[in-house]
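Notes follow the structure.
Values in this text are rule-based calculations from the coordinates and carry no lab data. Since the structure is predicted, the reported quantities are computational estimates derived from the model, not experimental observations. No Cβ is skipped: glycine too gets one built from the backbone with ideal geometry, and neighbour counts run over all protein chains shown.
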Amino acid sequence: MIIFPIKEAVKSLKSEEGYSSTCYLCTAGAHTVGHGRNISEGGVGISKKEAEYLLKNDIKRVLKECEESFVFWYNLTPNRQRALLEICFQLGMPALKKFKKALGAVHAQDYELASREFLNSKWAKQTPARAKRMSELIKEG
C-alpha cells in the first residue's frame, strides 16, 4: 500500500498558493481565500461544517471584543449580552461604539431608552426585523 504524503503536499501547496486572509481574484479570475480555496460560484466554496467552525471562531472573537469594550458587560443578562454581541457581529465594534446614546442607556440600565435609540438608527432602517428583535432583547432582558 502506498501512503500519500499529505504533509509534503500541504507544505508544497502552502508555498505554491501562498496565503490570504481576505478574498482576492486569482489569476483565473476566481474569488479565492486562504491557501487557494475557490469560493466563486462553481468553485469549492465552504461546507456547512466549515462555515459553522468559522462562525464559532467569529463569535469567540466578538465576545472578547465586547468583554473588553464594555465595562457594564458582566452586569447584563445573557439575552442583553447576546443582543449586543449579535449587533457587534453584524456591524463590527467600531460601528457599534457609534451608538453612544444607546450604549449610554444600557450602561445606565435604562433598557427601554436603549431599545428606542437602537431602533432610531440607520441600522434599524437597513435591517428592520433584525433590529427589532435585538432591541426587544435589550429592552426585555
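Would you say Leu137 is within 28 Å of Gly18 (Cβ to Cβ) and part of a helix (DSSP H, G or I)?
On the way: within 28 Å of Gly18 (Cβ to Cβ): no; part of a helix (DSSP H, G or I): yes.
Judged against the criteria, Leu137 is not a match.
Can you name every residue in segment 67-82 that is closer than 17 Å to Ser135 by Cα, in contact (Cβ under 8 Å) with a residue 12 or more places away in the chain and in a helix (DSSP H, G or I)? Show your work before the answer.
First pass over segment 67-82, keeping only residues closer than 17 Å to Ser135 by Cα: 73, 76-82.
Subset that is in contact (Cβ under 8 Å) with a residue 12 or more places away in the chain: 76-77, 79-82.
Selection gives Asn79, Arg80, Gln81, Arg82.
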- Here the residues within segment 83-106 that are under 24 Å from Ala129 (Cβ atoms), among the small types (Gly, Ala, Ser) and surrounded by fewer than 16 Cβ atoms within 10 Å (Cβ to Cβ) are Gly92, Ala95
- Message: So in segment 31-42, with the set limited to residues that are surrounded by 14 or more Cβ atoms within 10 Å (Cβ to Cβ) and in a loop (DSSP other than H, G, I, E, B), which one is nearest to the chain's Cα centre (by Cα)?
- Response: Ile39
- Task: Could you list all residues from segment 90-109 that are small (Gly, Ala, Ser), more than 23 Å from the chain's Cα centre (by Cα) and either in a loop (DSSP other than H, G, I, E, B) or within 18 Å of Gln126 (Cβ to Cβ) (or both)?
- Result: Ala108
